[in-house]
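Written below as structure tokens is the structure these notes are about.
The values are calculated or read from the model by the stated rules, or taken from the named source; none is laboratory data. Only a predicted model underlies this, so the values are computations on that prediction, with no experimental measurement involved. When we count neighbours, we look across all protein chains shown, and the Cβ atoms used for this are built from the backbone with ideal geometry, even at glycine. Ligands, DNA and RNA are stripped out before the accessible areas are found, and what is left, the full protein with its side chains, is counted by its heavy atoms. Shrake-Rupley method; radii C 1.70, N 1.55, O 1.52, S 1.80 Å.
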Amino acid sequence: MRQSSALDILKTGQNVFLTGSAGSGKTYTLNQYIDYLRARRVPVAVTASTGIAATHMNGTTIHSWSGIGIKDELSDRDLTTLSRKQFLADRLKDTAVLVIDEISMLHAKQLNLVSQVLKHIRKNDKAFGGIQVVVAGDFFQLPPIGSKGETNREKFAFMSEAWLDAKFHICYLSEQHRQVSEAANGGLDLDDILNQIRRQEVTFESIAALEATFDQNVDIKRTRLYTHNLNVNSINDKELAALEGEMMRFTATSTGDSKLVETLKKTVRTQVDLVLKVGAKVMFIKNNTELGVSNGTMGELIGFAAVKIDDSKDSSDDLIEDDDENTESETNKTVKGKGKKAIKEKPKAKKPTTQKMPVVRLNSGREVIAEPEEWIIEDETGDVLASYEQVPLCLAWAITIHKSQGMTLDAAEIDLSRTFELGQGYVALSRLKSLAGLQLLGMNDMSLQLDPLARGADKRFLVLSDEADANYSMLDEESMTQAHEKFILKSGGTLSKSVIDAYATLQKKRREQQQAQIDKKQKLGNQVSDKSDSTLLATRLLLEESLSIAEISQARQLSQSTIMRHIADLKSQDPSLACDHLRPEDEVMTAVGNAYVAIKVANNPNDFNDDGSIKLRPIFDHLKQSIDYNTIRLALIFITP
């Protein structure tokens, strides 16, 4: 199926499974559809099965978005608790379209839970509470992690009850946008070999072509892919030690519940102590639109530049818990909730300091500064439960095949001699554009094998996709347009040309502003960070378009609480800020204002943050929980000086 045909089916509002081989354009098609929905103001939630996959889509994990966390089952009590979380309930009720990328890595149990939560909170017994669900992925990629002894039959999402209930239309993309044809040079296409692996009909000619790459000289900037972390760490450590020059160490900082912090560390897959030298091959591990880099962007470290780093944190309602009397202060954890022991006073906010940060020359030739990034886990009110901050780089002479999922590589050295999981070899080989960029060091009997259940499902998906393509191709243009417009209106969107044009203008302005920031970063003569100013400016531009907080949150791919912090900062800098369209109703302003004054007069030290601002919880309690946290936050922007 062509991408255009898949988009036509998506626009009708049907539940869709978007699949295809590596490089067929699944992510591109998803982004096209997401932009289409946002231009028409249809509320769309963009999620993925893992943290790394979520960063590729500028979204969040489905676990966080739906509130299921790491659970495998939900009791009636759990569902009741989730429905009482106003922030979560509003999010799920307001969503019209849910996108889940990399569905192959989401466990069947967890897909069932997502549907269960949506049904309960939306009070709708239809699959996923009656909203459109778009899942994307390739079940020939690596499978989800399951319990010991679980088979793939129990883990694959397409075996779940929720999958069957959703009655997904299958859109199997057939065009190839990653692999480069080599047939013109008399060679064997990598695309042909990958398709042979998918069919499990690999010829001797193909195996010979793969083995022949052993002696092939590939680009010195190649990426080395290995099956085991042990090999990867050994290569990276050896290469780093061989470099001369000063060694710089960057130590991660973390706050919050220790278990959640560990979850962040595993998701981010970076080092607590990152050691770098000039000449090191590195890879970015987080998207940054201002720098123009994404998770997987490769480069070489060429120096260190002085950058102003703001160490102060927005700590709104946090407590500090010391789980161990011997734990040093810097390892104390910031936690949410009640009943915590050994509560200490929070450390005072630090003033901005100047530190040396890595300067990376990307493989494209551009030079950027890698400043610390923060990964967070928020609760239902948008408050931070755990955070992890580190320079978003890892050594990248070698990486694991698992970490390579979603990447496109020009050149790679791959060792499959210790393959231990079905699909591992396919994932590694499909990262490349052509055989010319491959040096394969070895294979074992499992290297080119795929899961039999995934193979059977894939054959069925191909048949169903052809049927869907044939059925929709019978509709004339007028009928298709009517179906598209009907879904937009049903979803609460708009067909107004002025709104769509305004969104396109806004997108263009955002791109221009982001490019201006990228250009500014490239001028290494003045290495002072202006990240804070630029991110506030991006929010201000959207405010001036009279967009709602939810719309700004979607456009910037940031939480609503973060957007409100931006607005508070902007309003403190400029009282005439154009944000009156966000002002809550008078009765809300009066109620929050009275609560604010009452708490000020009571002057209970426990009700205040270190900077003198009032915590949200006392106001929430004073109002007897009649107004949600985000509305209180918004009202305070207009109340506090």
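Data table
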item	result
Matching residues, the stretch 90-131, being under 18 Å from E73 (Cβ atoms) and open to solvent by less than 20 Å² (accessible area, probe 1.4 Å)	L106, H107, A108, L111, L113, V114, S115, V117, L118, I121, F128
Residue tally, condition farther than 19 Å from T539 by Cα, of a type in the set (V, I, T) and modelled with pLDDT of 85 or more, over the stretch 562-598	2
Qualifying residue in the stretch 424-434 (condition: modelled with pLDDT under 90, open to solvent by 10 Å² or more (accessible area, probe 1.4 Å) and either closer than 21 Å to D219 by Cα or of a type in the set (G, A, S) (or both))	yes
Among (1) of a type outside the set (A, V, I, L, M); (2) at pLDDT 85 or above; (3) surrounded by 22 or more Cβ atoms within 10 Å (Cβ to Cβ) - the single one S49 does not satisfy	(2)
Residue in the stretch 281-292 that is in contact (Cβ under 8 Å) with a residue 12 or more places away in the chain, under 20 Å from H402 (Cα atoms) and touching a His at 6+ places or on another chain (Cβ under 8 Å) present	yes
Of all residues making up the stretch 403-434, the number that are under 21 Å from D215 (Cα atoms), of a type in the set (A, V, I, L, M, F, W, C), within 26 Å of the chain's Cα centre (by Cα) and outside any loop (DSSP other than H, G, I, E, B)	5
Within the stretch 584-605, tally of residues that are more than 17 Å from Y629 (Cβ to Cβ) and in contact with a helix residue (DSSP H, G or I) (Cβ under 8 Å, 6 or more places away or on another chain)	2
Residue within the stretch 412-422 that is touching a helix residue (DSSP H, G or I) at 6+ places or on another chain (Cβ under 7 Å) and open to solvent by 40 Å² or more (accessible area, probe 1.4 Å) present	no
Qualifying residue in the stretch 605-612 (condition: in contact (Cβ under 8 Å) with a residue 12 or more places away in the chain and crowded, with 17+ Cβ neighbours inside 10 Å)	no
Failed condition for D125, given (1) modelled with pLDDT of 85 or more; (2) assigned to a loop (DSSP other than H, G, I, E, B); (3) under 30 Å from T408 (Cα atoms)	(3)
Residue within the stretch 592-601 that is in contact with an Asp or Glu (Cβ under 8 Å, 6 or more places away or on another chain), assigned to a helix (DSSP H, G or I) and not aromatic (F, W, Y) present	yes
Residues (surrounded by 14 or more Cβ atoms within 10 Å (Cβ to Cβ) and either small (G, A, S) or closer than 17 Å to V391 by Cβ (or both)) located in the stretch 239-254	L240, M248, F250, A252, T253, S254
Residue among L274, L264 that is at pLDDT 90 or above, within 26 Å of T353 (Cα to Cα), of a type in the set (A, V, I, L, M) and under 24 Å from the mean Cα position of the chain (by Cα)	L274
Residue match in the stretch 532-548 (condition: open to solvent by 50 Å² or more (accessible area, probe 1.4 Å) and at pLDDT below 65)	yes
Of the criteria (1) open to solvent by less than 30 Å² (accessible area, probe 1.4 Å); (2) in contact with a strand residue (DSSP E or B) (Cβ under 6 Å, 6 or more places away or on another chain); (3) β-branched (V, I, T), which one T227 fails	(2)
Residue ID - least open to solvent (accessible area, probe 1.4 Å), chosen from residues in the stretch 580-598 that are more than 26 Å from E551 (Cβ to Cβ) and in contact (Cβ under 8 Å) with a residue 12 or more places away in the chain	A595
Single condition L577 does not satisfy, out of (1) open to solvent by less than 30 Å² (accessible area, probe 1.4 Å); (2) in contact (Cβ under 8 Å) with a residue 60 or more places away in the chain	(2)
All positions within the stretch 132-171 that are part of a loop (DSSP other than H, G, I, E, B), charged (D, E, K, R) and open to solvent by 30 Å² or more (accessible area, probe 1.4 Å)	K148, E150, K167
I70 being open to solvent by 60 Å² or more (accessible area, probe 1.4 Å), among the hydrophobic types (A, V, I, L, M, F, W, C) and modelled with pLDDT under 85	yes
Yes/no for K459 being at pLDDT 90 or above and under 19 Å from Q14 (Cβ atoms)	no
Residue match in the stretch 448-455 (condition: modelled with pLDDT under 85 and basic (K, R))	no
Extreme residue, surrounded by the most Cβ atoms within 10 Å (Cβ to Cβ), among residues of the stretch 444-487 that are touching a Gly at 6+ places or on another chain (Cβ under 7 Å) and among the hydrophobic types (A, V, I, L, M, F, W, C)	L448
Which listed residue is modelled with pLDDT of 90 or more, within 30 Å of S147 (Cβ to Cβ) and of a type in the set (A, V, I, L, M), from V16, V44, V97	V16
Selection from the stretch 255-277 of residues that are within 22 Å of F304 (Cβ to Cβ), touching a residue at least 60 places away in the same chain (Cβ under 8 Å) and open to solvent by 50 Å² or more (accessible area, probe 1.4 Å)	Q271, V272
Search result, residues across the stretch 77-99 that are touching a residue at least 60 places away in the same chain (Cβ under 8 Å) and among the basic types (K, R)	K85
